[in-house]
Amino acid sequence: DAGITQSPRHKVTETGTPVTLRCHQTENHRYMYWYRQDPGHGLRLIHYSYGVKDTDKGEVSDGYSVSRSKTEDFLLTLESATSSQTSVYFCAISTGHSVGNEQFFGPGTRLTVL
Amino acid sequence: TQLLEQSPQFLSIQEGENLTVYCNSSSVFSSLQWYRQEPGEGPVLLVTVVTGGEVKKLKRLTFQFGDARKDSSLHITAAQPGDTGLYLCRYGGSQGNLIFGKGTKLSVKP
């Protein structure tokens, strides 16, 4: 199994509070991604990173920011959580060198915003 | 951005039956990947197809890439309860365009 951990695994918070989710990898892969997964929408890309301090937006980036100060850590921040951000969040990593960009996924974080 | 349409959305079958799920787009894929996601876990890669007309087999799973590289199918022979899960296709493009289909949720009953 790829060495990817996410923390916390579960979180319940209130509307308007800031929330930070952490993704940690031990594989030294260049690329890291944050997705959210919702019924009826599948997996949607929020942000991704192609190196330390290098990040870019995905298709559903509004309301989210990310930071990558070390190769192994990719943080996703909800500055002011809303109920629409209740979801399961997955981190993924990739070398960027495999055919089709194979991604390895973490176990997910279930976030509930009340 | 490429849109991937997966069908059917849900599929419930008995153990031993065969099934096929589909992934379609109006655009041409440079490559396509199939992932399986079990409840409470992240997706895991099953296969990558690259060449039009390509067929790949993984035990009882057969993956086919359309000749025009706009569609793909996954066929499972003699389904088992362990095949239960969400099957996702994903366009294997540039880093910001790694778009997934919404998936087919498969339930195989003993």
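Just so you know, all these numbers are worked out from the coordinates, no wet-lab data involved. Quick caveat: nothing in here was measured; it's all calculated off a predicted structure. Cβ sites come from the backbone with ideal geometry, for glycine too, and all protein chains shown count toward neighbours.
Hey, which of these cross-link pairs are over 25 Å Cα-Cα: A:LYS53/B:LYS102; A:LYS57/B:LYS105; B:LYS56/B:LYS105; B:LYS59/B:LYS109; A:LYS57/B:LYS57?
A:LYS53/B:LYS102; A:LYS57/B:LYS105; A:LYS57/B:LYS57
Averaged over peptide A:43-50, how many Cβ atoms belonging to another chain are found within 10 Å of each residue's Cβ?
Counting Cβ atoms of other protein chains within 10 Å of each residue's Cβ and averaging gives 4.
Quick one: compute the contact order of chain A, relative version, from alpha carbon pairs under 8 angstrom and 6+ residues apart, as a percent.
It comes to 35 percent, rounded to a whole number.
So how far, in whole Å, is the C-alpha centre of segment B:57-110 from the one of segment A:2-29?
A separation of 28 Å, based on Cα centres.
How far apart, in nanometres, would the label points at B:GLN80 and A:ARG9 be if each is projected 7 angstrom from Cα along the Cα-to-Cβ direction?
2.6
Provide B:TRP34, A:TRP34 in ascending order of the number of other Cβ atoms located within 10 Å of each residue's Cβ, fewest first.
Ascending number of Cβ neighbours within 10 Å: B:TRP34, A:TRP34.
May I ask you to sort A:LYS11, B:LYS57 by Cβ crowding, counting other Cβ atoms within 10 Å and putting the fewest first?
Ranking A:LYS11, B:LYS57 by Cβ neighbours within 10 Å, fewest first, gives B:LYS57, A:LYS11.
Over all residues in A:102-114, what is the mean tally of Cβ atoms on other chains that come within 10 Å of each residue's Cβ?
3
Beyond 17 Å, what share of the Cα-Cα pairs of chain B is found? Please give it as a whole percent.
50
Summing +1 for each Lys or Arg and -1 for each Asp or Glu, what net charge is found among the other residues whose Cβ lies under 11 Å from the Cβ of B:ILE99?
Combined, the nearby Lys, Arg, Asp and Glu give +2.
From other protein chains only, count the Cβ atoms within 10 Å of every residue's Cβ in B:90-102, then give the mean.
Averaged over the peptide's residues, the number is 6.
Where the centre of each part is set by its Cα atoms, how far does segment B:2-44 sit from segment A:49-114, in angstrom?
23
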